Each structure stands twice: as structure tokens, then as C-alpha cells.
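Peer 1: Following this message is one structure expressed as C-alpha cells.
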Amino acid sequence: MKNLKPYQLAFLLALPIAFLAALLVLLVDHLPILGIRLFIIWLLLLVASFSLFLVAIERFIYRKIKLIYKSIHHLKLGKELKDSLGEKISEDPLEDVEQEVMEWATTKRKEIDELKKIEQFRREFLSNLSHEFKTPLFSVQGYIQTLIDGAMEDKEVNAKFLDKANKGIERLCSLVNDLDEISKLESGEIKINYSNFDINALSKEVFDSLELKAQQKNIHFAIKKGCDQPFWVHADREKTAQILVNLIENSIKYGKVNGETTVGFYDMAEHILIEVTDDGIGIDESHLARLFERFYRVDKSRSRDEGGTGLGLSIVKHIVEAHGQTIHVRSTVNIGSTFGFTLKKK
Ligand code: ADP
């Protein structure tokens, strides 16, 4: 009886109504006035069908919905949690079901959107990755093959080809290193070792380490006027150095010959804002929103010529965010760029 099919239910309902109708026809035959007879027929049919429908709906439809509702609840809350909450199913399961289904649909839609985004991100990442590896790998393969095929004996070109193959290997190494760094940062494998240090002193150390690179373009390093004093921060010294190296290296790569790179510090109550400014080629506004994405480059060939992996800013962003801080960029084409990030004050 519990799992009746719709046609069985309809038949079961129709049967007693037909029976009642027949009974009433017999009954009214004995009543004297037609109006009263019809009224009584109407009233009795109304009461009978109301009761029948109520019982049917209650027994066969409502109960099933209640059961589904209970199952959903069971599934959603888990048995233990449900037991601890007790039987909290309301008396109007239809409304509850509607509400729950709507909530469920909204969360599922969000989950699906999120999964789609992740999937697209994964696909893009894989295709970028293979592309990034293919270029230097094929170039190394080409030079080595040419050397094997006879160029090794040619004193004019052999050293040059070896040097080019070596450059390709260097590129592959920096790619692998940067990817390794990103994956460690993302997995949280790298711990942030907080200490107190002077960011001004650290910036000068980074200037020294990049001096040779800067000289190749005659780029001058400076601490911004009025900022040349100790600024104590509470952060990971090594990783902050990495941020500065990446930003200052970029200021050289995308800087102009005879240009200048300055680093400034600003006291912001609880934080110190650090800004790396250059007077280089600048970045068009349309690129700024995606600049910190992995492998995103404004000018692909320039970045590759400069030995860029397209991962430097992504690493910087990860490190800044691992400190619970933020990074931003301002830039104007042909005027220059400023990358600013915050660190907690000592
Ligand atoms: P890359 O290895 O290509 O330098 P990054 O992640 O460090 O990768 O930077 C991403 C892109 O942002 C670069 O390819 C370049 O187009 C742009 N960019 C970064 N820093 C600067 C800068 N100081 N001036 C102009 N463009 C920059």
C-alpha cells in the first residue's frame, strides 16, 4: 500500500467516490424537495472527497516527501550529528524541502562554477607549462644535434653553439627552480620564519647583489629621498630578500638604459609600505589586473630575451600573501612602474 503508483492511487480514490455517488443517488430519491436534495448531494460529496483527498495526500504523497526530506537531512548532517540534534523535522516538510533544495542548488552551482574555474586554470597552466619547456628544450636539442652532425669540428661556431645550448639549459633550470618555489609556497611547505630586521639595510644588500646586472644597462640604484633611515619590520628576511630581488631585477629587465631604480619606505601605523620604482618601459593599464598570474607577460619575447620565466611576480605575490600582506602596482607606459607591498612593523 505504501508504494502505490499514480494510476493505482487514482483508481483507489475514484472507487469510493463512485460508490458514494451511487449511494447518494439512492438516498435522495427518497427526499421530497429537489433543492434540498441537490444541496445535500453537494455537501456530502464535498465532505467525502475532501476527506478522501486529505487521507490520500497525507498517506501517499506527504509521507514520501517527508521520507525524502529525512533522507536528505540524514545525508547532510551525518548520522551522529543528526542524532545529537534529535528529530528536528518541521511539520511543514514541503516548505522545508523547497527551501533546502534552493539552498542546495545555490551551493552546488557555486561549487560547479568554482570547479570549472579550477579546471580552466589547470588546462591553461598545463598548456603554458609545456610551451615554456618546449622552447628552450628544442633549442638545446637543435644546437647539440648540429654539433653532433659536424659543427663540433668547426672552430668558428662550436663554442657559440655550446654557449647557446648552455643558455637553454640555464633557462630550463630557472623554470624548474621557480616552479618548485611556487609549488612549495602553494602547498604551505615553506614556513615563514619571522624575525625583526631593517628593510632599508636589506634593500641595500639586494642592491649590491644586483649591481653587476644593473651596470650592464647603466641603471642607478637609490633609496628614495627622505627614506634613508632604518625601518624595522617583522617578516621572513630571506623571503623578503627574494621579493626585493624579483622586483628590482624586473626594474632592470624592463628598465631603460641610464635609468634609475629607487626603493622607498613609508610608515603606515601598523605596517611599513615598501615601494620599488623604475623609470622603464611601464605597463599598459589593460595588463595590470593579470600581471601577478603565472606565466603572464606583457611582451613575451622581451621577457624571454631577458631570461624571464613569467613566474617572478607570481612568486612575489605568494610570499607577500603568505605574510598576510598585500601587493599592488601603478604604472604608465614609457614613464615607469611602481610595485608596492606592505610588511608588518616590528
Ligand atoms: P618575467 O620573468 O617575464 O619578468 P614576471 O612575473 O616577473 O615575469 O613579470 C611578468 C611580466 O610583467 C613581465 O613579463 C613584464 O611584461 C611585466 N613587468 C614586470 N615588472 C615590470 C616592470 N618593472 N616594468 C615593466 N614591466 C614589468
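What follows draws every value from the coordinates through simple rules; no lab data is involved. Since the structure is predicted, the reported quantities are computational estimates derived from the model, not experimental observations. With ideal geometry, Cβ positions are generated from the backbone for all residues, glycine too; neighbour counts draw on all protein chains shown.
Peer 1: Which pairs, out of Lys225/Lys256; Lys213/Lys253; Lys134/Lys217; Lys167/Lys204; Lys217/Lys317, put more than 19 Å between their alpha-carbon atoms?
Peer 2: Lys225/Lys256; Lys134/Lys217; Lys167/Lys204; Lys217/Lys317
Peer 1: Additional query: To the nearest 20 debye, what is the magnitude of the charge dipole of segment 121-187 about its Cα centre, counting +1 on the Cβ of each Lys and Arg and -1 on the Cβ of each Asp and Glu?
Peer 2: 160
Peer 1: Just check segment 182-236 against the gyration tensor rule for me: Cα atoms, a ≥ b ≥ c as the square roots of the eigenvalues, rounded for a/c under 1.5, and otherwise prolate or oblate depending on whether a/b exceeds b/c.
Peer 2: oblate
Peer 1: Quick one: if you stick a label point 7 Å off each Cα along the C-beta vector at Ala105 and Leu44, how many nm between them?
Peer 2: 4.6
Peer 1: Go ahead and set up a Gaussian network model of the chain, Cα springs under 10 Å, then flag whichever of Gly226, Gly336, Gly255 fluctuates most.
Peer 2: Gly226
Peer 1: On to the next question. Based on other C-beta atoms within 10 Å, arrange Arg63, Arg297, Arg171 from fewest to most.
Peer 2: Placing the least packed residue first, the sequence is Arg63, Arg297, Arg171.
Peer 1: Same structure, new question: Across every pair of different alpha-carbon atoms, what Kirkwood hydrodynamic radius in Å does the chain reach?
Peer 2: So the Kirkwood estimate lands at 27.5 Å.
Peer 1: Another one. Could you let me know the centre-to-centre spacing of segment 287-313 and segment 107-154, using Cα atoms, in angstrom?
Peer 2: 15
Peer 1: OK, next. Per DSSP helix of 4 or more residues, -39500 (n - 2.57); summed, then divided by the residues of the chain. What does that give at 222 nm, rounded to the nearest 500?
Peer 2: Taking each H run of at least 4 residues, the total per residue is -20500 deg cm²/dmol.
Peer 1: I would also like to ask the following. Farthest toward the dipole's positive end in the chain, which of His220, Leu45, Tyr143, given Cβ charges of +1 (Lys, Arg) and -1 (Asp, Glu) about the Cα centre?
Peer 2: Looking along the dipole axis, the top candidate is Leu45.
Peer 1: Fewest first, what order do Thr262, Thr240, Thr326 take by the number of other Cβ atoms within 10 Å?
Peer 2: Starting with the residue having the fewest Cβ neighbours, the order is Thr326, Thr262, Thr240.
Peer 1: For Asp278, Asp198, Asp267, what ranking results if the residue with the fewest other Cβ atoms within 10 Å of its Cβ goes first?
Peer 2: Asp267, Asp198, Asp278
Peer 1: Explain nothing, just the number: dipole magnitude of segment 194-344 about its Cα centre with +1 on each Lys and Arg Cβ and -1 on each Asp and Glu Cβ, in debye rounded to the nearest 20.
Peer 2: That gives segment 194-344 a dipole magnitude of about 380 debye.
Peer 1: Just tell me the longest site-free run in the chain, where the sites are GluC sites (Glu not before Pro) in a DSSP loop having at most 10 other beta-carbon atoms within 10 Å.
Peer 2: Formally, the longest exposed-site-free interval is 1-86.
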